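Engineer: I'd like to ask you about the structure that follows.
The values are calculated or read from the model by the stated rules, or taken from the named source; none is laboratory data. All figures in this text were calculated on a predicted structure; none of them were measured in a lab. All Cβ positions, glycine included, derive from the backbone under ideal geometry; neighbour counts span all protein chains shown.
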Amino acid sequence: MLQDPDEAQDCVQEVLLRLLQRPHAFTQGRGSLKAFVTVCIRNEAVGRYRLRRRRPQLEDRLSKYVEDETFEPFDHLEHARLVGALKTLPEPQRRVTILAYYHHMTHREIAQAIGEPIGTVKSRLFHALRRLGQALGGTPS
Amino acid sequence: MNESQHVDQLVASYAFGILESAEAAQVEEHAVSCSSCRQLLGQAEEAVTAMVDAGPLHVAQPVRARSSWFAWAALAASLLLAAGLGARVLQLGGEQSQMRAQHDAAVVALVHSHFQHAPLIPRTAGAAAGKVIFARDRSWVLVVLDAPPGDLTIATFGPSGVRVLGRPWAQGATSEFFYRSSAPIDNVAVMRGPQIVESARI
């Protein structure tokens, strides 16, 4: 995601330091410690990625989806076991998942790109992630 | 806990890392005191971790898929080598001498730099497949297009506008363009007249 080993190491180090300073951030009943730390590190990386690419590229990034009606983000993914799980999703859920997971778009950006309300985006992401968790064995069915 | 304060519709976005910081803080704070949302948050984190574990996603060429960037690097290297050898046996005019100088500069840059690549994203129908190979410090770019140069030009663009750098040169049925900059390069565009045909963010 960051395409920079040094920044990736900084990212991990910063998250681990932050977690050491906030040992109560992980509470019982939340899930596994591995999942908690993985998401913390990934979120830090997404934040850095978004900061780097925030402006003025956003308009350009959105125009790729808005102007090209034939653009289908799913068509651009390859070589991933994850694609098999993504294929189990209904198309509207799959689309928002790819925009969120791979393109790191916010609710507002996704809503703008697909022309749906933000509430619909949130709902689709919620249901999509539940299905993916079950398909990949990440959550109990 | 008031039902309206639950953050169940935000846990997936939290786990994807796409919430604004205020919303993310709201989710974390609420999860401390709400066991049902904490459980949903944990499940969302487990699901994203399963996605991470399932393998990375790669983005293929939007127009004509190439199997990997190595193919492009190999193509660029072979084109440059061919051009370098060809230049030695040909009597070159002024334009060709300049082209050879750019080839040499590109070869030196490729040999001595850590470089990455980015796909050229089409903005118009019929845009040629292409890649931008660039230094990790973004001090140079090598644009490789799977099409003859035709009337195309290469430009950089940003908040201050578009800056045309020059025309790519032909290599058989393909074309290339090399450019070195004192300032980091952010965006590269392939243009036809005033229109951006395709672009890459680096």
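Engineer: Restricting attention to region A:104-129, which residues are out of contact with any helix residue (DSSP H, G or I) (no Cβ under 7 Å at 6 or more places or on another chain) and either more than 8 Å from every other protein chain (Cβ to nearest Cβ) or not polar (S, T, N, Q) (or both)?
Structural biologist: The first filter runs over region A:104-129 and keeps only residues out of contact with any helix residue (DSSP H, G or I) (no Cβ under 7 Å at 6 or more places or on another chain), leaving A:106, A:115-116, A:119-120, A:123.
Matches in region A:104-129: A:115, A:116, A:119, A:120.
Engineer: Mind checking which residues of region B:180-201 are within 19 Å of residue B:140 (Cα to Cα) and surrounded by fewer than 19 Cβ atoms within 10 Å (Cβ to Cβ)? First the steps, then the outcome.
Structural biologist: Let us first name the residues in region B:180-201 that are within 19 Å of residue B:140 (Cα to Cα), namely B:180-191, B:198-201.
Hits for region B:180-201 are B:180, B:181, B:182, B:183, B:184, B:186, B:201.
Engineer: Identify the residue in region B:8-35 that is in contact (Cβ under 8 Å) with a residue 24 or more places away in the chain and surrounded by fewer than 22 Cβ atoms within 10 Å (Cβ to Cβ) and, among all such residues, is nearest to residue B:52 (Cα to Cα).
Structural biologist: B:8
Engineer: Can you name every residue in region A:94-111 that is part of a helix (DSSP H, G or I) and surrounded by 18 or more Cβ atoms within 10 Å (Cβ to Cβ)? Quick ask: steps written out before the conclusion?
Structural biologist: Of all residues in region A:94-111, those part of a helix (DSSP H, G or I) come to A:94-101, A:107-111.
Selection gives A:94, A:95, A:96, A:97, A:98, A:99, A:100, A:101, A:107, A:109, A:110, A:111.
Engineer: Quick one: in region A:15-43, of everything that is surrounded by fewer than 17 Cβ atoms within 10 Å (Cβ to Cβ) and within 20 Å of the chain's Cα centre (by Cα), which residue is nearest to residue B:39 (Cα to Cα)?
Structural biologist: Per the criteria, the residue is A:32.
Engineer: Now for a separate question. Which condition number in (1) modelled with pLDDT under 50; (2) away from every other protein chain (no Cβ under 13 Å) is the one that residue B:76 fails?
Structural biologist: (1)
Engineer: Still on this structure, please answer the following. Does region A:76-85 contain any residue that is modelled with pLDDT of 50 or more and more than 7 Å from every other protein chain (Cβ to nearest Cβ)?
Structural biologist: Checked against the condition, which is being modelled with pLDDT of 50 or more and more than 7 Å from every other protein chain (Cβ to nearest Cβ), region A:76-85 yields at least one hit.
Engineer: Do the conditions hold for residue B:101, that is, is it closer than 23 Å to residue B:193 by Cα and assigned by TED's automatic domain parsing to the domain that holds residue B:187?
Structural biologist: Details: closer than 23 Å to residue B:193 by Cα: no; assigned by TED's automatic domain parsing to the domain that holds residue B:187: yes.
Spelling it out, it is not the case that residue B:101 is closer than 23 Å to residue B:193 by Cα and assigned by TED's automatic domain parsing to the domain that holds residue B:187.
Engineer: Which members of region B:113-153 meet the condition of being within 15 Å of the chain's Cα centre (by Cα) and closer than 13 Å to residue B:177 by Cα?
Structural biologist: B:130, B:131, B:132, B:133, B:134, B:140, B:141, B:142, B:143, B:144, B:145
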